Amino acid sequence: MISNDIELAAEIVKNEGIIGFPTETVYGLAGNIYSTKAINKIYHIKQRPLHNPLIVHIKAIGDLDRIAIEIPAIAKILAQKFWPGPLTLLLKKHPNVSELITAGHQTVAVRIPNHPVALALLQQLDFPLAAPSANPFGAISPTTPGHVEAYFKEKLPMVLDGEACKAGIESTIVGFKGESVVIYRLGALSKEEIEKVTGPAILFNKEENAPEAPGMLSKHYAPQSTLYVTDNLSECIGRFSDKKIGLLRFMQHREEQNIKHQVVLSPSGNLKEAASKLYAALHELDAMTVDIIIAERFPDHDLGRTINDRLERASKQ
Ligand code: TXA
Ligand code: MG
């Protein structure tokens, strides 16, 4: 059931239930962080491996001290600047945060979502909400209440309606190693925006490093149809001349015969707009009867970098 009844949503999570939860980035599957029953339900419904930790959503910076300890000064500066917003901080966890949330890690991921409905719900609660994206493990993230309903109709008592997500792509995850600022997951807040505050940040390299955040490594965000990402669209379309192609492009349409459906993300060339529409476009292309989806690689800066990251993971076999 999709509903905008915030009181009902509050009742459900107070009683250790799980709801579809709108944020500005993507929809989440939310439950009380202090309820083992609720957290287990989240992992179960999402079919998420227990070694993949959850993000904690708080309503105000004042609540941060109950979630994390030994917070670096630069983390506080980032929180002041970007919260509420699509920035998740990876901090040393407070002893009261269970290892079920952090999957045994001593760090906890935390953010304040910038969505009026999410904040109104959190205001009614005296506990934060743990929420992973509301998609089955590995599938495309949901950016509308309809996407969540399509994935989990029978399994959720309600999806709280917050309309289409404005950012449309997950939060950026930032952690701290010694003096360094490390971006663990590219997201809706660009590396460039973060570096204006912190100076040069390190981009966590999934190939070189141990899997600090397991969910960031595997095939992820993937449509059912096979997805190809290319720098050379003409060659790629030609190579699959016998296939029905679904095409995902940045600014302009193409006319080839074998293109059965195409989505252009931003005719005006705005990377933020393109990022906000990416997942809805993948959902749309996946619902068409195409054999394959081809996406062109985006300019590799600002949110183009985030889009390329998601396309690459979605295209992993
Ligand atoms: O935009 C978002 O961040 C959305 C909305 C709902 O807030 N949430 C989201 O959650 O994307 P999820 O669970 O789909 O992705 C969270 C990522 C996972 O890759 C997880 O491994 C990583 O954050 N993560 C969470 N806690 C962590 C921790 N303590 N240490 C390392 N990685 C962590
Ligand atoms: Mg996710």
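Throughout, read-outs are computed from the coordinates displayed, never taken from laboratory work. What you see is a predicted model, and the numbers here were worked out from it, not measured in a lab. Here the Cβ positions follow ideal geometry from the backbone for every residue, glycine too, while neighbour counts run over all protein chains shown.
A few points about this structure:
- Taking 0.36 nm per residue of separation and subtracting the current Cα-Cα distance, fully stretching the chain between Glu154 and Ser180 would add 4.9 nm.
- Its Cα centre serving as origin, the chain has a Cβ charge dipole (Lys and Arg +1, Asp and Glu -1) of approximately 380 debye.
- In sequence order, calculated HN-Hα J values of the range 173-181 (Karplus, 6.51, -1.76, 1.60; Hz; x Gly/Pro): 9, 10, x, 9, 10, x, 8, 8, 9
- Compared with the alpha-carbon gap, the fully stretched path from Glu163 to Asn96 is longer by 20.8 nm at 0.36 nm per residue.
- Here the spin labels are modelled as points 7 Å beyond Cα on the Cα-Cβ line, and at Ala120 and Glu312 they lie 4.0 nm apart.
- Paramagnetic label zone (point 7 Å from Cα along Cα-to-C-beta, Glu256; backbone N under 17 Å) in the range 269-297: 290-297
- Mean residue ellipticity (222 nm) of the chain, computed from DSSP H runs ≥ 4 via -39,500 (n - 2.57), nearest 500: -8500 deg cm²/dmol
- Long pairs among Lys92/Lys153; Lys243/Lys277; Lys41/Lys191; Lys37/Lys93; Lys153/Lys177; Lys41/Lys166, criterion Cα-Cα beyond 30 Å: Lys92/Lys153; Lys41/Lys191; Lys153/Lys177
- Spin-label pair Val197-Gln106: with each label point 7 Å from Cα along the Cα-Cβ axis, the two points sit 2.6 nm from one another.
- Net charge in the neighbourhood of Gly146 (other residues with Cβ under 12 Å of its Cβ; Lys, Arg +1, Asp, Glu -1) is -3.
- The distance between label points at Phe137 and Arg66 comes to 3.0 nm (points 7 Å beyond Cα on the Cα→Cβ vector).
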